[in-house]
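J.: This is the structure I have questions about; it appears just below.
Where a number appears in this text, it was derived from the coordinates with a stated rule and is not lab data. Everything quoted here is computed from the prediction, not taken from an experiment. Positions of Cβ are backbone-derived with ideal geometry, glycine not excepted, and every protein chain shown enters the neighbour counts.
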Ligand code: SF4
């Protein structure tokens, strides 16, 4: 078990210091009322542990004294919106007392549509929450049922209406495509319905069958027939064309923002190697060179904190070549691409020219930027570039 407190430094580097390059703070709420069969995020359904988790999380937060300012707080999970009013109030107010936050900090809470009420949204606003990320996934009733979501399509629409009208600085919608039987037309309807609410941000994820999920078991038994590669590619291209056509910036493979000022600031830190601190079971942290991660199991997390130790399960110091690969991996997924001056030894010019000629990337000054075709092959592109 890693217990040192001294090795931590979440200060931004001098070159990158500006308001949005400050470190981010992530809180993992490891609870869901029910488990969705495709999801491999860590969460448990025993919500009787929420109070103890909250106490432990604040204890963990106090194990990081003297850190500098953060400019994002992202409360994700799991299902943060299942916290009751008292729990959410205590959590946000206590974190505000333990850490320092810059003015205009982005404060995001992930919500599920079945938890959305006007009262809850009012409470969140009064606590300083300025960004909501709503997990809609689909507006089609058959798709929502297939995904075993706890809400109906109608509930998703009502929740969106409430969020859109609640006066938050920003809100985003999470959607999912590539479902068995989903046509291009059905996906287009979902996208257009989302656009009709005029959101600031859209995350559109392809359904992937993750190991150790009920969907993986179904796939093994041949009970899940996923769309073929050509249809998956068609759905991806449709997403990009539809949303960029509506004025969105396709700034990461799965993420779209209504202009540069609407990027999800906290998530951008992950792709730009800005330091972040993660609290809660399974949360990861990063200093710019060193990464560490917490134990997943909530009971072990509670026990470890209770005994006065940090709940860190492991850590690694990235070597220069690992840092290179991380920059290539993240740059292959984002609009800001790879700064060739950050990569040593230099990349092969011949390879870069070949990838340009094949339409996977463009070269813009010192940057290698993925095209839409490059985004489509974002998993393979780093190997082709390096
Ligand atoms: S998708 Fe969201 S609500 Fe469903 S199990 Fe995963 S974290 Fe919980």
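J.: What fraction, in whole percent, of alpha-carbon pairs in the chain exceed 33 Å separation?
T.: Percent of Cα pairs beyond 33 Å in the chain: 33.
J.: Between residue 218 and residue 69, 0.36 nm times their residue separation minus their Cα-Cα distance comes to what? Display every interim value, and only then the final one.
T.: Details: separation 149, 0.36 × 149 = 53.64 nm, distance 4.60 nm.
This chain segment gains 49.0 nm when fully extended.
J.: Contour minus end-to-end for residue 152 and residue 322, with contour as 0.36 nm per residue of separation and end-to-end as the Cα-Cα distance? Intermediate results must be reported in sequence, preceding the final value.
T.: On the way: separation 170, 0.36 × 170 = 61.20 nm, distance 4.39 nm.
Answer, rounded to one decimal: 56.8 nm.
J.: Per 10 Å bin, what is the whole-percent P(r) computed from every C-alpha pair distance within segment 132-188?
T.: Answer for segment 132-188: a P(r) of 23, 51, 23, 3 percent.
J.: Name the shape class, rounded, prolate or oblate, that the alpha-carbon gyration tensor gives for segment 238-345, where a ≥ b ≥ c are the square roots of its eigenvalues, rounded holds for a/c under 1.5, and otherwise prolate holds if a/b is larger than b/c and oblate otherwise. Don't skip to the answer; put the middle values down first.
T.: Numbers: a/c = 3.23, a/b = 1.59, b/c = 2.03.
Cα axes put segment 238-345 in the oblate bin.
J.: Now for a different question. What does the convex hull of the Cα atoms come to per residue for segment 320-386, in Å³?
T.: 70
J.: Could you work out how far apart the two model spin labels at residue 44 and residue 198 are, taking each label as a point 7 Å from the Cα in the direction of the beta carbon, and quote it in nm?
T.: For residue 44 paired with residue 198, the spin-label model returns 4.4 nm.
J.: Where both partners of a DSSP beta bridge lie in the chain, what percent of those bridges are antiparallel, to the nearest 5?
T.: Roughly 40 percent of the DSSP beta bridges within the chain come out antiparallel.
J.: Now for a different question. Return the whole-Å distance between the Cα centroid of segment 238-258 and the Cα centroid of segment 21-75.
T.: Between the Cα centres of segment 238-258 and segment 21-75 lies a distance of 29 Å.
J.: Okay, next question. What FRET efficiency would be calculated for the residue pair residue 231, residue 125, taking the C-beta separation as r and a Förster radius of 25 Å, to the nearest 0.05?
T.: So the FRET efficiency works out to roughly 0.05.
J.: Relative contact order for the chain: what is it in percent, counting Cα pairs under 8 Å that are at least 6 residues apart?
T.: 17
J.: Between 128, 185, 77, where does the largest GNM mean-square fluctuation fall for the chain, given springs only between Cα atoms within less than 10 Å?
T.: Greatest mean-square fluctuation among the candidates belongs to 185.
J.: Continuing with this model, one more query. Roughly speaking, what is the stretch gain from residue 52 to residue 296, that is 0.36 nm per residue apart minus the C-alpha to C-alpha distance, in nm to one decimal?
T.: 86.3 nm
J.: Of 69, 192, 170, which has the largest mean-square fluctuation in a 10 Å C-alpha GNM of the chain?
T.: The residue that fluctuates most here is 192.
J.: In 5 Å bins starting at 0, how do the alpha-carbon pair distances of segment 219-267 split up by percent?
T.: In whole percents, the pair-distance histogram is 5, 19, 20, 16, 14, 10, 9, 6, 2, 0.
J.: Can I ask one more? Roughly how large, in nm² to one decimal, is the mean projection of the convex hull of the alpha-carbon atoms in segment 151-269?
T.: 8.5
J.: Now for a different question. Can you tell me which of 228, 85, 198 moves the most in a GNM of the chain? Springs connect C-alpha atoms under 10 Å apart.
T.: Fluctuation is largest for 228.
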